[in-house]
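Before any comments, here is the structure.
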Protein chains: 2
Amino acid sequence: MSEEPTVIADGEAAGTGTLGKAMAVLEAVVMADGPQRFTDILARSGQPRGTLHRLLSHLVEEGLLVQRRDLCYEPGLRLLTLAYRSWSGNRFRDVAEPHLRSLHELTGETVHLGILRETEIVYVDKVESRQTVRMSSQIGKASPAYCTGIGKAALSLLPQPELERLVAGMAFHAFTPHTHRSAESLLAEIAEIRRDGHAFDREEHEIEIRCVAAPIRVSGSDLTAGISVTGPAYRVSMEQLIAWSGAVRTAAAAIGEEAAIRLGPGRGGP
Amino acid sequence: MSEEPTVIADGEAAGTGTLGKAMAVLEAVVMADGPQRFTDILARSGQPRGTLHRLLSHLVEEGLLVQRRDLCYEPGLRLLTLAYRSWSGNRFRDVAEPHLRSLHELTGETVHLGILRETEIVYVDKVESRQTVRMSSQIGKASPAYCTGIGKAALSLLPQPELERLVAGMAFHAFTPHTHRSAESLLAEIAEIRRDGHAFDREEHEIEIRCVAAPIRVSGSDLTAGISVTGPAYRVSMEQLIAWSGAVRTAAAAIGEEAAIRLGPGRGGP
DNA sequence: AAATCAAGTTCCACATACCGGAACAAAGAA
DNA sequence: TTCTTTGTTCCGGTATGTGGAACTTGATTT
């Protein structure tokens, strides 16, 4: 029984309000690695037994969780369905898609579309070179902004105070030898990115994986996003990435403009 | 102002409890076709103004919804992230995947994996012949069980009383001229499916689209699922589907057995 | 300009429904 | 059997959500 107690609670305070608590519990189950027993969740969520039990019942009732015969809790199908609707109905993704395709045709490598959410990048679409292994995996995946091309590109669009607020809250985990380890080095690179209009991932998140990315600004909207072309280091040199950077910037700009028109035609004010 | 009032509320009673109400509102926004104004949601949800406003605030706070500058509400990214985790961590899908692949190699057509949820089939995985148009779309999509091959196959596994309860609650929408229009004809076909061990979709959901499907039963679990091979009518004859039916049944059986072993090794109750 | 209307937000007294400690079952382990 | 571990139920107290009504804000009309 020397297993680490997995500490208690997650970093942030358990959500406020009834809904917040329910979502915190849901997330605890969904983000866990496998089916979770009542006691596991109890330890991780920090909720009192009675409360937790009721929350779980409600989540099951709503189809957000499923309780198996052996009493373990698992994510329910309703999440998938909700996500399907919100993905397929996403106008921004729709606008961007043809541009992703043409970037893919130009480069032959994998192209990603990501949106910044706080301090993370959420991948929203992807055009793959040739179905490598996993199929559509990765859509919906959230990665830290500071070690991904799209992430750094998107950060570069933020006003300095906002950027600093976000950076202050980051925990710099060293995924590879090339990952940023401090706010200073990250901020320094972001200054360069602002100047150049594009960002690189030099094997910072995953070893042997590189990318070029450009930020997308949609005027009239406060969404911050980016696209990237990604490839394995053995096949894609830094020179190659630099050669592609212009096309990536152009595509990003085009997406931004088109989205501004088609997303909020009736609103443009600051 | 002769616009139809979009009636009020959805078919089912607004969810019970605070979480239920919140989810009903969330669903109202997600299932809608585009960004929703406050008043739209007000009409559809049937909640009082004050209550609805607070619910929406909480949903936004939780990242489940986003409020744009023009005050419209849209699905937030958190749904995608939650769904990504629950999809990629789904053991059943994982077990099934290699079997989907080999079925695809055998047939050259699109292969689906779906799980029955009440009266709908939710598509959980897919191996596509050759990236037709939409990429991974469709994962998470929910379709009526009575007009899809996997749906009818899955229904055939249910005990008769359960089946009849579900069928009683179905509204038979005629998607095509071949769609079942009554409980009787559906139940009759399900009897055949039980006998044969496989089901066909004879252009019942979408015109020009056919499939063969087989049900998956996982002993020790109460999940009911199925797989199918789908193709366009001009390329895939009924004779062809019949020829594939054996392989589909075999794959389904293999998935069911493997899943029973790998899903709940410590439980085998009645 | 003033008046009118519509859409969205805030307020607050009220009671619902959530809270959570503690008692209660159920199933293994000693 | 007795003890322990795990999951479920109960119930009084009150925090929390409820929802009608008043209040902004901005557009449209007179």
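Taking 0.36 nm per residue of separation and subtracting the Cα-Cα distance, full extension of the segment from A:A43 to A:E105 would add 17.4 nm. Counts of other chain beta carbons within 10 angstrom of each beta carbon in peptide A:215-227 average 1.
Taking label points 7 Å from Cα along the Cα-to-Cβ direction, B:E208 and A:D196 give a separation of 4.7 nm. Between B:S185 and B:S88, the simple spin-label model (points 7 angstrom out along Cα→Cβ) gives 4.5 nm. Judged by the mean number of other Cβ atoms found within 10 Å, the most tightly packed of the peptides A:206-215, B:46-55 leads the ranking A:206-215, B:46-55. Region B:220-258 and region B:67-111 have their alpha-carbon centroids 20 Å apart. Pairing chain B with chain A buries about 5600 Å² of accessible area. This figure sums both sides and uses a 1.4 Å probe.
The phi torsions of region B:83-92, fed into the Karplus equation with coefficients 6.51, -1.76 and 1.60 and a -60° offset, translate into couplings of 5, 4, 5, 6, 6, 6, x, 7, 5, 4 Hz, rounded to whole numbers, with Gly and Pro shown as x. Estimated from the Cβ-Cβ distance and a Förster radius of 30 angstrom, the FRET efficiency linking B:H178 and B:A247 is about 0.80. Ranking A:L113, A:L186, A:L80 by how far each Cα lies toward the positive end of the dipole of chain A (charges on Cβ) leaves A:L80 at the top.
Within straight-line reach of B:K141, meaning a Cα separation under 17 Å, sit the following lysines at least 8 residues removed in sequence or on another chain: B:K126, B:K152.
The P(r) of the protein assembly as shown has a tail past 44 Å containing 19 percent of all C-alpha pairs.
Here A:R235 yields copy-to-copy label distances, from shortest upward, of 2.5 nm, the label point defined as 7 Å from Cα along Cα to C-beta.
Shielding value for B:89-98 is 2, the average number of Cβ atoms from other chains within 10 Å of each residue's Cβ.
When each of the peptides A:102-113, B:175-186 is scored by the mean number of other C-beta atoms lying within 10 Å of its residues, the order from highest to lowest reads A:102-113, B:175-186.
Taking Cα centre as origin and charging only the Cβ of basic (Lys, Arg, +1) and acidic (Asp, Glu, -1) residues, the dipole magnitude of the protein assembly as shown rounds to 340 debye. For the pair B:D222 and B:M31, label points projected 7 Å from Cα toward Cβ lie 2.3 nm apart. Stokes-Einstein, applied to the Kirkwood radius of region A:90-263 over Cα pairs at a viscosity of 1.567 mPa s and 4 °C, places its translational diffusion at 82 µm² s⁻¹.
Sort A:L100, B:L263 by accessible area with a 1.4 Å probe, largest first. Before the final figure, lay out each step's value.
Details: A:L100 0, B:L263 25 Å².
So the residues, ranked largest to smallest area, are B:L263, A:L100.
Peptide A:60-72 shows a mean partner chain C-beta count of 4 within 10 Å per residue C-beta. Helical content of the protein assembly as shown, expressed as a calculated mean residue ellipticity at 222 nm, amounts to -14500 deg cm²/dmol (DSSP H runs of 4 or more residues, -39,500 (n - 2.57) each, divided by residue number, nearest 500).
Using a 7 Å projection from Cα along Cα-to-Cβ, the label point at A:G197 is separated from the same position in the remaining copies by 6.4 nm, smallest value first. Backbone amide hydrogens, once placed in the peptide plane, bring A:I209 within less than 5 Å of A:E203, A:A233, excluding anything fewer than 5 places away on its chain.
The mean sequence separation of alpha-carbon pairs under 8 Å and at least six residues apart, normalised by the residue count of chain B, gives a relative contact order of 14 percent. Placing unit charges on the Cβ atoms only, positive for Lys and Arg and negative for Asp and Glu, gives chain B a dipole magnitude near 660 debye about its Cα centre. Here is how far apart the B:P161 label points are across copies: 6.6 nm, shortest first, using a point 7 Å from Cα toward Cβ.
The values are calculated or read from the model by the stated rules, or taken from the named source; none is laboratory data. Worth saying up front: this structure is predicted, and the values here are computed from it rather than measured. Virtual Cβ from ideal backbone geometry, glycine too; neighbours counted across all protein chains shown. We work out accessible area using only protein heavy atoms, side chains counted, and drop any ligands, DNA or RNA first. Shrake-Rupley method; radii C 1.70, N 1.55, O 1.52, S 1.80 Å.
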